[in-house]
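Working notes, beginning with the structure itself.
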Amino acid sequence: VQNYEAAVLCLNRRVFLLQELHYCVSRNMYKMTRGCKLKVMHPGNYTVRIRATSLAGNGSWTEPTYFYVQDARFVMFTKKYAVTVSCPAQYSVTYYLMFCQCNYSLNVSFFPFSQTQGPTGPIYASSNPEYLSANDVYEEDEWEVAREKIAILRELGQGSFGMVYEGIAKDIIKGEGETHVAVKTVNESASLRERIEFLNEASVMKAFSCHHVVRLLGVVSKGQPTLVVMELMTHGDLKSYLRSLRPDAENNPGRPPPTLKEMIQMAAEIADGMAYLNAKKFVHRDLAARNCMVAHDLTVKIGDFGMTRDIYETDYYRKGGKGLLPVRWMAPESLKDGVFTAHSDCWSFGVVLWEISTLAEQPYQGLSNEQVLKFVMDGGYLDRPDNCADRFHNLMQMCWQYNPKMRPTFQEIIEMLREDLHPSFQEVSFFYSEENKPPESEDFDLDIENMESIPLDPSSYSQREQCLDRDEASSMGLRGSYEEHHIPFTHMNGGKTNGRILALPRSSPS
């Protein structure tokens, strides 16, 4: 095999139409053995197919070659076959299959073996330690879509693994003949591990079914290129959409900036998607406007977990030689200890609210990534945006509590906003769904007479009392400003350090 990239020749054989065996020959093994030996016990009809596997992924199978094994101990035959596959270096390599004789050939001999010792399903093996194990290989399931059912229409933009297209899918949704979809692809230069990561990322979404989380519709894993078919979000990611609403934006669709009511609706839709993910025990770890998507009816949904990472590469920072981190959206505990929880997602949600208020300005503009790291870990947080309503700013500050346990849950956030939401929210949201109803709890007999003897933490009692006082003065039930010094745990909040507000340069439109 004249291939300088590690390659594998896979041969396929069927035994009584019950077994399909795969034999993999690495480049080094091929140099030593000049082929592959297959052992069979029973005479009969067999087929052989070949495909190449390299870091670029799997090539297509050749057309099957049929042959008959006679009832004899050793059978030889000669046949020449050629297969052309594409390799990562953007050139074609021709593999020649020559039984018994030919330079750069594959020699196949047959010997008896006990069928009871054979496997009952596909075998994937590799003598190359750099190849992934069988457990890492994506296996098709009920989400598999036939490639011929997908038609590409136009480019939408670059995703984290490759180009994203608008397309039309046939019979992908029950009851719909044709559906406009988003089709994600993998770059030709992507490694095998990146291709599997691409499919695994899609596999994560198979478990999700929520109106405010972008839907996975199908996967095309057979052949190349690999495709992931998603629900089409017409207006793209939230960051780009918000920037298009700036009065001076060249691509302004003619809409004014969002009103407070519209911003609250966006916030609730994002919170509902996050509440759903939290109920599924899923921590997002990269919640930001760039990872939220906007549908044709302006509904905002949690995006497909990594689609826009390469588009906004400057939003990420590589700390200490590790992977890229979205430091400007990360909570203090995540920056310090690498801890990611629903509480840290809540901090990121507060930054998303800030992005909505500023029409997607860059958080902590004027500070380098290293300065942001130190600033947030020392207790700092973002300035109040210009012309930001008290209610919206109060919600941000609740999300930026330095103590993670003092931040609200996404369910609590929706509870605070529910009175100002569109009636359709009740019909489609996870928050109002049957799935979100808590299980019936047992009734407990409480000793009412002795309740007064239960000691209360004075600080928590005064905090609750003060919060209630402020709630009465707020039309939405949001907590009041955290500027007041008498609130318990203020010293732990991001807005104060030693009783002094940490100043941050005002952001300006970029």
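Scalar couplings 3J(HN,Hα) for segment 207-214, obtained by applying the Karplus form with A = 6.51, B = -1.76, C = 1.60 to θ = phi - 60°, are 8, 9, 8, 8, 4, 9, 10, 4 Hz; x denotes Gly and Pro. Cross-link pairs exceeding 30 Å in C-alpha to C-alpha distance, out of Lys174/Lys280; Lys174/Lys222; Lys206/Lys374; Lys170/Lys261, comprise Lys206/Lys374; Lys170/Lys261.
The orientation-averaged shadow of the Cα convex hull for segment 250-434, equal to a quarter of the hull surface, comes to 11.2 nm². Scalar couplings 3J(HN,Hα) for segment 279-284, obtained by applying the Karplus form with A = 6.51, B = -1.76, C = 1.60 to θ = phi - 60°, are 5, 8, 6, 10, 9, 6 Hz; x denotes Gly and Pro. In this simple spin-label approximation, Glu427 and Arg154 carry label points 7 Å from Cα along the Cα→Cβ vector, and these lie 3.0 nm apart.
The slack in the chain from Glu412 to Asn252, taken as 0.36 nm per residue of separation less the alpha-carbon distance, amounts to 54.2 nm. Alpha-carbon geometry of segment 143-231: the Rg and the Dmax are 12.4, 38 Å, given in that order. Our estimate of slack between Lys170 and Ala146, defined as 0.36 nm per intervening residue step minus the Cα-Cα distance, is 7.7 nm.
Bear in mind that the values in this text are calculations on the coordinates, not laboratory data. Please read these numbers as outputs of a predicted model, since none were measured by experiment. Cβ sites come from the backbone with ideal geometry, for glycine too, and all protein chains shown count toward neighbours.
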